[in-house]
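Okay, so here's the structure we're looking at.
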Amino acid sequence: MPEVNQFYVGDSFELVKTLQDNSIDLIICDGPYGVTQNKWDRVKDIQAFNYKLIQLFSRVLKPGGTLYLFGKQNCIDFIDYRKYLTLVSRIIWYQPSRLAQGRKRFTNNYDLIAHFQKGDSHTFNLDAVRVPQLVELAHRKRCENVPSVKNGKWGKTKFNGKGKNPGDVWGDIKQLTYKSKELVNREYLNTIQKPEKLIERLVLASSNEGDLVFDPFAGVGTTGLVCKKHNRNFIGFELDSKLVNVAKKRFTEKESVL
């Protein structure tokens, strides 16, 4: 079993074999999408690629563990993942600011985050990821007094002052831009580096302090940084040694600040 809170250079398909059965609480997999010309993204069949990952991840996830798998709209189509993991939801990370340059079809303006779990019971810390209500409090309270709501099955559901469930369409977390302070290098914009707020929502929702989070495509180490900030342990694998060096540098700088 690899030492925790470390980044390792190598092929995730091989390194994942070093992880023990039922040892991981949460996996955040932001790997190839199979849609760009970047060398690391050239995947002939993204469904077959992701199917193999799901097979491997199902072994190392604890019962009740969670997998978030990033991709485009078809990243898990045509594969039968049901014998390995249960698909809880398809989260849409919506980006209306993307350039709409489609000529023959509507431009894709979102990434898909497929939310899987192993077994029935799983961690979901709603209070840690609530977002502000968009409906006026007065109107919400009027709705709660409608007889069908007041006397119905969910009549005890009331307005929560901490905010609401973020739902499965996320438009409140924006992509990084050239001006983003956390952007490590323009080379990583919108491909390798995801916003800390995005990863933070996944980590807080589906893990607890002291849990072990696995990132099989660690990139520049954002998941590791978020785990460090929120007292989670992590293991990161990355094929590109250059990116691992960047991740380690970011992690060291974060430790000095904390």
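The values are calculated or read from the model by the stated rules, or taken from the named source; none is laboratory data. As the structure is a computational prediction, the values presented were derived from the model and not from experiment. Every residue, glycine as well, gets a Cβ built from its backbone with ideal geometry; the counts of neighbours run over all protein chains shown.
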Unique match (being in the same structural domain as Gly210 (by TED's automatic domain parsing) and in contact with a Leu (Cβ under 8 Å, 6 or more places away or on another chain)) among Asp25, Asp41, Asp80 = Asp25
Single match in Gly71, Gly31 (criterion: touching a residue at least 60 places away in the same chain (Cβ under 8 Å) and either buried (at least 18 other Cβ atoms within 10 Å of the Cβ) or charged (D, E, K, R) (or both)) = Gly31
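Among the candidates Val88, Val4, single out the residue that is in contact with a strand residue (DSSP E or B) (Cβ under 8 Å, 6 or more places away or on another chain), among the β-branched types (Val, Ile, Thr) and assigned to a loop (DSSP other than H, G, I, E, B). Quick ask: steps written out before the conclusion?
Numbers: Val88 fails: assigned to a loop (DSSP other than H, G, I, E, B).
Criteria check complete, one pass: Val4.
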A careful count of residues in region 162-194 that are touching a Gly at 6+ places or on another chain (Cβ under 8 Å) and more than 19 Å from Val220 (Cα to Cα) gives 0
Please identify the pairs in which a residue from region 221-247 that is touching a residue at least 60 places away in the same chain (Cβ under 8 Å) has its Cβ atom under 6 Å from the Cβ atom of a residue that is buried (at least 24 other Cβ atoms within 10 Å of the Cβ) and of a type in the set (D, E, K, R), counting only partners at least 6 apart or on another chain.
-> Thr223/Asp215; Gly236/Asp215; Val244/Glu238
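For region 142-257, give me every one of the helices (runs of 4 or more DSSP H) that falls completely inside it and has 1 or more residues that are at pLDDT 90 or above and crowded, with 17+ Cβ neighbours inside 10 Å.
On the way: elements: 147-150, 196-206, 222-229, 241-257.
Filter on region 142-257 gives 196-206, 222-229, 241-257.
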Out of all the residues in region 194-213, is one or more farther than 27 Å from Pro32 by Cβ, in contact (Cβ under 8 Å) with a residue 24 or more places away in the chain and not assigned by TED's automatic domain parsing to the domain that holds Leu239?
-> no
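Return the total of residues in region 1-39 being within 17 Å of Gln55 (Cα to Cα) and either at pLDDT below 95 or of a type outside the set (Asp, Glu) (or both). Full working, then the answer.
Step one: of region 1-39, the residues within 17 Å of Gln55 (Cα to Cα) are 11-32.
Those left that are additionally either at pLDDT below 95 or of a type outside the set (Asp, Glu) (or both): 12-13, 15-20, 22-24, 26-29, 31-32.
Of the residues in that region, 17 qualify.
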Could you please give the count of residues in region 56-78 that are assigned to a helix (DSSP H, G or I) and within 18 Å of the chain's Cα centre (by Cα)?
-> 4
For residues in region 58-102 being more than 27 Å from Lys174 (Cα to Cα) and of a type in the set (Val, Ile, Thr), which is modelled with the lowest pLDDT?
-> Ile79
